[in-house]
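Report on one structure; see the data block that follows.
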Amino acid sequence: MKEHSPPEEFSFLFPAPKTGMPEGAYDSVYVVQNGRFRFVNPQFAAAGGFTEKDMLGMESARIIHPDDQQEARQNAIKMLKGLSTLPYTFRIIAKDGSVKWIQETVHPITYKGKRAVLGNSMDVTAHREAMEKLKDLQALQNSILDALPIAVLGMHARRIVLANHAVEAVFGWKPEDLIGRNSRVLYRNDKDYLEIGRSVYNALKKKRTHTLEFPCRRRDGEDIICLLSVARIGESLKEQKIIATYEDITERKRAEKALEESERTLKELLKSYQKKG
């Protein structure tokens, strides 16, 4: 099989092959002139399942997904005019009809005495698919968090980095208002804040989870009792990342106290009745 060599003027783009090329390198190269491919290297052709012979003379817009053609053209024009230096992504239709994601940069050049476009690209399909899966997973996680009736907070060095919607019911804070704040806002005073910190972090040094009841304070100043469950993120507390849940058990504690008082009153009445008897 005849080996395809790049045009001499582009030889600097094709160094001697090396092993261990990092995944995602811009190793796909092409030249477009008058809207058609005049040169493609094997990597660029293979990204769409084509051969170099298939692509030479082909209209460059033909492989771009119809829904992305206008945006891809606008991005290319911006880069060619020097208005942008950021790589852009778009979809292509491969030879077998499958859809691939390409990330690309373009530069104006002169090819065989005429203006042309030099393109460098890489196949980012796997990355996009991984990002979509991650996005779906995050959406699922958010749905689970928001379905919980208890407040869930993620903290890094006692600063809140995650909050579900239930924090508004428990603490009166909207999630977006808590993000970035120190967890001090959840407690009655500095003494409580320091005490809960010592208790929780000392416990998590020895075990992964810890549960306790502790007084907290809502945004409107109302004091409540919360059942606090915390878990460290990772094998140790080195990065000081934890996840915590807060369940408002104020009414439960009041009911328990009322029950205890009723039982005590009943016992006193019984004692009094027995004495009279």
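Read-outs: derived from the displayed coordinates by stated rules, not from any lab. Fair warning: this is a prediction, and the values are worked out from it, not measured in the lab. A quick note on method: Cβ atoms are made from the backbone with ideal geometry, for glycine too, and the neighbour counts reach across all protein chains shown.
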Problem set entry | Qualifying aspartates and glutamates (Cα of each under 18 Å from Cα of Lys81; at least 8 residues distant if same chain) | Glu71, Glu104
Exercise. What list do you get for Asp27, Asp96, Asp223 if you sort them by fewest beta carbons within 10 Å?
Worked result: Asp96, Asp223, Asp27
Exercise. Using Cα pairs under 8 angstrom and six or more residues apart, how large is the relative contact order of the chain, in percent?
Worked result: 11
Exercise. Which angle from 0 to 90°, rounded to the nearest 10, does the C-alpha axis of helix 190-206 make with the longest principal axis of the chain?
Worked result: 70
For this session: Just name one of Val170, Ser272, His156: the one whose Cα is farthest towards the positive end of the charge dipole of the chain (beta-carbon charges, Lys/Arg +1, Asp/Glu -1).
Result: Ser272
Exercise. Taking Cα atoms, how many degrees apart are the long axis of helix 250-276 and the longest axis of the chain, rounded to 10 and kept between 0 and 90?
Worked result: 20
Exercise. So what does log10 I(q)/I(0) come out to for segment 141-256 at q = 0.17, 0.19 Å⁻¹, using the Debye formula with one equal point on every Cα and no solvent?
Worked result: -0.81, -1.02
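Given 0.36 nm per residue, what is the gain on full extension from Glu176 to Ala203 after removing their alpha carbon distance, in nm?
So the extension gain works out to 6.8 nm.
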Exercise. Once you list every other residue whose beta carbon is under 11 Å from the beta carbon of Gln43, what net charge do they have if Lys and Arg are +1 and Asp and Glu are -1?
Worked result: -3
Problem set entry | segment 232-277-segment 165-219 distance, computed between alpha-carbon centres (Å) | 19
For this session: May I ask you to sort Arg219, Arg254 by Cβ crowding, counting other Cβ atoms within 10 Å and putting the fewest first?
Result: Arg254, Arg219
Problem set entry | Proximal lysines to Lys95, defined as alpha-carbon separation beneath 19 angstrom and excluding residues fewer than eight positions away on the same chain | Lys53
For this session: Run the dipole for the chain about the Cα centre, Lys and Arg Cβ at +1, Asp and Glu Cβ at -1, nothing else charged, and hand back the magnitude in debye, nearest 20.
Result: 800
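Name the shape class, rounded, prolate or oblate, that the alpha-carbon gyration tensor gives for segment 52-205, where a ≥ b ≥ c are the square roots of its eigenvalues, rounded holds for a/c under 1.5, and otherwise prolate holds if a/b is larger than b/c and oblate otherwise.
Prolate.
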For this session: Sum -39500 (n - 2.57) across every DSSP H segment of at least 4 residues in the chain, then divide by the residue count to get the 222 nm mean residue ellipticity, nearest 500.
Result: -11000 deg cm²/dmol
Seminar exercise, completed: Here the averaged projected area of the chain, based on the convex hull of its alpha-carbon atoms and given in nm², is 25.8
Exercise. Taking other Cβ within 10 Å of each residue's Cβ, how do Ile93, Ile242, Ile102 sort, fewest first?
Worked result: Ile93, Ile242, Ile102
Exercise. Can you give the angle from 0 to 90° between the axis of helix 125-147 and the longest principal axis of the chain, with both taken from C-alpha atoms, to the nearest 10?
Worked result: 20
For this session: With only Lys, Arg, Asp and Glu charged, each at its Cβ (+1 for the first two, -1 for the last two), find how big the charge dipole of segment 53-101 is about the Cα centre; round to the nearest 20 debye.
Result: 160
